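Asker: Quick one: the structure is below, questions incoming.
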Amino acid sequence: QLEMVDAAADGRHALLVAATGAGKTLSGFLPTLAELIPPRSGEDFLHTLYISPLKALAVDVRRNLLMPVEEMGFPIRIETRTGDTPSERKARQRVRPPHILLTTPESLSLLLSHEDSLLMFAGLKRVIIDEVHAFAHSKRGDLLSLSLARLQKLSPSMQRVGLSATISDPDAYRAWLAPYGEIDAVRLVEGEPAADP
């Protein structure tokens, strides 16, 4: 979706609503890939954080994202961080973060509790929240809202991107996603219809 790239270029947050199977996850990552290609060699920085409701989904998204990145031959580092991630990898990620980190709200909350989180997140450009409808009106959503507020404080220019299947009230989710409740800061992007089953 070029509208996602346009929203990112305008410095706006975005909520992408599209039917399952319409390619919304890859569309959510398009601005990140456009900004990371060509990669800045030798730089270790966390560019994009992807939040998933399920750790299995984060693993699947990593695999699906790695395929085109590796086919193009770009050295973009993409890693997951969940409760199953080995402790030595977690420690390394805090010192040398990947360009794209895929995680869950709970793992993000723990990561933000470290004293050196300021260093890790200071240059964060984007947070992508998949299945935003699964978070917005739950205790996990409250936890994630707190984490987003902390991330916005650490990196004030960070853009928020929400991905959702078709929802009846997009404005309610735009309001949840918006920093400081400024709904007009979040652009609504409606995806193309999915392919027929």
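The values are calculated or read from the model by the stated rules, or taken from the named source; none is laboratory data. Computed from a prediction, not measured in an experiment: that's the story for all the values here. All Cβ positions, even for glycine, are placed from backbone atoms using ideal geometry, and neighbour counts span all protein chains on display. Just the protein is used for accessible areas: all its heavy atoms, side chains included, with ligands, DNA and RNA removed. Shrake-Rupley method; radii C 1.70, N 1.55, O 1.52, S 1.80 Å.
Asker: In deg cm²/dmol, rounded to 500, what helix-only [θ] at 222 nm does the chain give when every DSSP H run of at least 4 residues adds -39500 (n - 2.57) and the total is split over its residues? Please report the intermediate quantities before stating the final value.
Answerer: Values: 8 runs with 85 residues, N = 197.
Dividing the helical sum by the residues of the chain leaves -13000 deg cm²/dmol.
Asker: How high is the relative contact order of the chain, in percent, counting Cα pairs under 8 Å that sit 6 or more residues apart? Before the final figure, lay out each step's value.
Answerer: Details: 323 pairs, mean separation 70.2, N = 197.
It comes to 36 percent, rounded to a whole number.
Asker: Still on this structure, I have one more. Given 20 °C and 1.002 mPa s, compute D for the chain with the Stokes-Einstein relation, Rh being the Kirkwood radius over Cα pairs; round to the nearest whole µm²/s.
Answerer: On the way: Rh = 16.8 Å.
This corresponds to a translational diffusion coefficient of 127 µm²/s.
Asker: While we're on this one: Which lysines does Lys125 reach when only Cα atoms under 18 Å apart count, and residues fewer than 8 places away in its own chain are ignored?
Answerer: Straight-distance partners of Lys125: Lys153.
Asker: Beta carbons within 10 angstrom, averaged per residue: use that to sort the peptides 96-109, 79-92, 138-151, highest first.
Answerer: Working: 96-109: 21.4, 79-92: 13.4, 138-151: 16.1.
The most tightly packed comes first, giving 96-109, 138-151, 79-92.
Asker: May I ask you to give the solvent-accessible area per residue for the range 1-84, in square angstrom, as obtained with a 1.4 angstrom probe? Numbers along the way, then the final one.
Answerer: Details: 3990 Å² over 84 residues.
Spelled out: the 1.4 Å probe surface of the range 1-84, per residue, equals 48 Å².
Asker: Can you tell me which lysines have their Cα less than 21 Å from the Cα of Lys139? Leave out same-chain residues fewer than eight positions away.
Answerer: Cross-link targets: Lys55.
Asker: Now for a different question. Solvent-accessible area per residue for the range 92-146 at a 1.4 Å probe radius, Å²?
Answerer: Numbers: 2470 Å² over 55 residues.
I get 45 Å² per residue for the range 92-146.
Asker: Using R₀ = 30 Å, calculate the FRET efficiency as 1/(1 + (r/R₀)^6) where r is the Cβ-Cβ separation of Asp184 and Asp84; round to 0.05. List each step's numbers first, then the result.
Answerer: On the way: r = 39 Å, r/R0 = 1.31.
For Asp184 and Asp84, the calculated efficiency is 0.15.
Asker: Calculate the length of the line joining the C-alpha centroid of the range 1-39 to that of the range 54-130, in whole Å.
Answerer: Spelled out, the Cα-based centre of one part sits 18 Å from the other.
Asker: Tally up the carbon and sulfur contribution to the accessible surface of the range 132-197 as a whole percent, 1.4 Å probe, everything protein left in place. Walk me through the numbers before you get to the answer.
Answerer: Values: 1920 of 3620 Å².
About 53 percent, which is the carbon plus sulfur part of the accessible surface.
Asker: Please list the radius of gyration and Dmax for the range 39-122, considering alpha-carbon atoms only, with Å as the unit.
Answerer: 12.6, 37
Asker: In whole percent, what relative contact order does the range 40-117 give with Cα contacts below 8 Å and a gap of six or more residues?
Answerer: Working: 87 pairs, mean separation 35.4, N = 78.
Taking the mean separation of contacting Cα pairs over the length of the range 40-117, I get 45 percent.
Asker: Let me ask you something else. All other residues with a Cβ under 13 Å from the Cβ of Thr85 taken together, and with Lys, Arg as +1 and Asp, Glu as -1, what is their net charge?
Answerer: Values: positive: Lys55, Arg62, Arg81, Arg89, Lys90, Arg92, Arg94; negative: Glu79, Asp84, Glu88, Glu106.
Value of the local net charge: +3.
Asker: So what is log10(I(q)/I(0)) for the range 98-197 at q = 0.12, 0.24 1/Å, when the Debye sum runs over its Cα atoms only?
Answerer: Once normalised to I(0) and log-transformed, intensities are -0.42, -1.44.
Asker: For an R0 of 25 angstrom, estimate the FRET efficiency from the Cβ-Cβ distance between Leu143 and Asp44 and round to the nearest 0.05.
Answerer: Working: r = 28 Å, r/R0 = 1.10.
So the FRET efficiency works out to roughly 0.35.
Asker: Given Cβ point charges of +1 (Lys, Arg) and -1 (Asp, Glu) and nothing else, what value in debye, to the nearest 20, does the dipole of the range 67-180 about its Cα centre take? Working shown, then result.
Answerer: Working: 15 positive and 13 negative charges, 81 e Å.
Dipole about the Cα centre, nearest 20: 400 debye.
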